[in-house]
Amino acid sequence: MGTSFFAHETAVIDPDCQIGTGTKIWHFSHIMSNCHIGEYCSIGQNVVISPEVRIGNRVKIQNNVSVYTGVICEDEVFLGPSAVFTNVINPRSAVSRKNEYQQTLVQKGATIGANATIVCGISIGRYAFIGAGAVVTKNIPDYALVVGNPARQTGWMSEFGHKLKFNSEGLAICPESQEQYRLGNGKVSKIKV
């Protein structure tokens with residue numbers, strides 16, 4: 001474990017963790033064994049990152065988030081306050097199911113809103129946007145906006161986090177970045193210039 005990151009004195013970091021340069025770990029957070037946390041991440045207060053979790057670079061994890069074994073967060077993911085992941089479909093206190101942990105992949109740039117619950121075994125697409133309080137039970141495509149319980153898609157989002165409005169030709173422009181997007185065959189892609 002290097003010393004090029006900051007950890008508040010109340011944070012607990014178990015052995016064999018890899019923590020990247022510039023990462024900050026705040027009050028009362030617990031980073032469990034064999035985690036890999038990338039560079040320039042922000043880990044808020046009272047966060048639990050379970051064993052063997054993989055966190056990319058420039059990930060922001062807000063207060064009270066639980067990231068359980070089996071979760072992979074790629075670069076630039078945002079996890080809102082009190083968001084939670086699961087790793088077993090049918091947990092029981094008296095039945096050990098550690099051999100049944102399922103992988104959950106949160107792809108680059110995705111946002112998960114406050115108090116959202118992510119049921120294990122799914123993939124959340126690049127730059128997808130999960131609304132606050134949503135309960136996600138299935139795969140979410142790139143750039144999709146989903147809300148509710150269970151989560152339902154209500155639109156598409158730009159990489160800057162703006163709802164996209166597509167014209168009759170299936171084109172949209174992000175109002176902040178001016179980047180263009182195309183909608184076709186139920187998928188959104190950014191137009192490379």
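The values are calculated or read from the model by the stated rules, or taken from the named source; none is laboratory data. Predicted model only: the values in this text are computed from it and were never measured. Every residue, glycine among them, receives a Cβ derived from its backbone with ideal geometry; neighbour counts consider all protein chains shown.
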Does ILE37 meet the test of being closer than 12 Å to VAL53 by Cα, assigned by TED's automatic domain parsing to the domain that holds VAL71 and not small (Gly, Ala, Ser)?
yes
Those residues of region 46-68 that are under 12 Å from LEU79 (Cα atoms) and either part of a loop (DSSP other than H, G, I, E, B) or in contact with a Gly (Cβ under 7 Å, 6 or more places away or on another chain) (or both) come to a total of 9
Give the number of residues within region 109-135 that are under 21 Å from HIS162 (Cβ atoms) and either among the β-branched types (Val, Ile, Thr) or in contact (Cβ under 8 Å) with a residue 60 or more places away in the chain (or both).
4
Is one or more of the residues making up region 94-106 buried (at least 16 other Cβ atoms within 10 Å of the Cβ), closer than 24 Å to SER29 by Cα, at pLDDT 95 or above and of a type in the set (A, V, I, L, M)?
yes
Tally of residues being crowded, with 18+ Cβ neighbours inside 10 Å and either outside any loop (DSSP other than H, G, I, E, B) or in contact (Cβ under 8 Å) with a residue 40 or more places away in the chain (or both) across region 84-93
1
Filter result (closer than 19 Å to GLY80 by Cβ, surrounded by 20 or more Cβ atoms within 10 Å (Cβ to Cβ) and not small (Gly, Ala, Ser)) within region 5-30:
THR23, ILE25
Restricting attention to region 119-133, does a residue exist that is surrounded by fewer than 16 Cβ atoms within 10 Å (Cβ to Cβ) and out of contact with any Phe, Trp or Tyr (no Cβ under 6 Å at 6 or more places or on another chain)?
yes
Quick check on my filter: what residues within region 31-45 are surrounded by fewer than 19 Cβ atoms within 10 Å (Cβ to Cβ) and part of a loop (DSSP other than H, G, I, E, B)?
SER33, ASN34, GLU39, TYR40, GLN45
Only one of these is in contact with a Pro (Cβ under 8 Å, 6 or more places away or on another chain), under 22 Å from GLU76 (Cβ atoms) and assigned by TED's automatic domain parsing to the domain that holds TYR68: ALA144, ALA128. Name it.
ALA128
